[in-house]
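Below: the structure, in structure tokens.
The values are calculated or read from the model by the stated rules, or taken from the named source; none is laboratory data. For clarity, every value in this text was computed on a predicted model and none was experimentally measured. All Cβ positions, even for glycine, are placed from backbone atoms using ideal geometry, and neighbour counts span all protein chains on display.
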Amino acid sequence: MDEYSELIKIVESIEISQEKLKELSKHTHYGIRYRIARHNNTSTETLSSLSKDNTISVRYEVAKNKNTDLKDLVFLLNDRSSLVVTAAKENIETKIDKNINTPITTGIKKVKLISEYF
């Protein structure tokens, strides 16, 4: 088995630590970063770093990941890829629907109420 295949096995393991995910998030192969971006145990810090990745598929998985911080989702709303933007919007909506109250979600809720009124 080659090194890439071995790394994929490691990254897709549910027992992998956040530290190892963070370390591997800097790997040169986008396939490794992609799998880290979609992993359920990836930290918000690592996802924040990956939100600026050059590869659309990596940013798309960051936009979909439930662990992605709202500030990074808002950042991804300006992405050049409509797929990334749509995924970020959906993730934000999910966080709002679950009544996660942060200054950003409160502000978004107010904007939604105002826009629905007009």
Q. Do we find a residue being closer than 20 Å to E3 by Cα, modelled with pLDDT of 95 or more and basic (K, R) anywhere in segment 29-36?
A. yes
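Pull up segment 1-15, narrow it to residues that are over 18 Å from the mean Cα position of the chain (by Cα) and not in a helix (DSSP H, G or I), then point me to the one that is nearest to S57 (Cα to Cα).
Of segment 1-15, the ones over 18 Å from the mean Cα position of the chain (by Cα) are 1-10, 13, 15.
Filter once more, so that each one left must be not in a helix (DSSP H, G or I): 1-2, 13, 15.
Values: M1: 25, D2: 23, S13: 20, E15: 24 Å.
Per the stated criteria, the residue is S13.
State all residues of segment 36-76 that are touching an Asp or Glu at 6+ places or on another chain (Cβ under 6 Å) and crowded, with 23+ Cβ neighbours inside 10 Å; if no residue qualifies, say none. Step through it out loud before you land on a result.
The initial filter retains those residues of segment 36-76 that are touching an Asp or Glu at 6+ places or on another chain (Cβ under 6 Å), namely 37-38, 44, 48, 51, 59.
Scanning segment 36-76 gives A37, S51, R59.
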(Q) If I go through segment 17-31 residue by residue, how many of them are of a type outside the set (D, E, K, R) and exposed (fewer than 12 other Cβ atoms within 10 Å of the Cβ)? (A) 2
Q | Residues satisfying the stated conditions in segment 24-38, i.e. under 21 Å from T86 (Cβ atoms) and assigned to a loop (DSSP other than H, G, I, E, B) | A | R38
Q. Filter segment 67-77 for residues that are modelled with pLDDT under 95 and either in a loop (DSSP other than H, G, I, E, B) or small (G, A, S) (or both); which is nearest to T44 (Cα to Cα)?
A. D69
Q: Output the number of residues of segment 53-95 satisfying the condition of being under 10 Å from the mean Cα position of the chain (by Cα) and without any contact (Cβ under 8 Å) to a residue 24 or more places away in the chain.
A: 1
Q) Among the numbered criteria (1) part of a loop (DSSP other than H, G, I, E, B); (2) among the polar types (S, T, N, Q); (3) modelled with pLDDT of 95 or more, which single criterion is violated by T46? A) (1)
Q) Pick from K89, K109: which is assigned to a helix (DSSP H, G or I), under 27 Å from K22 (Cα atoms) and modelled with pLDDT under 95? A) K89
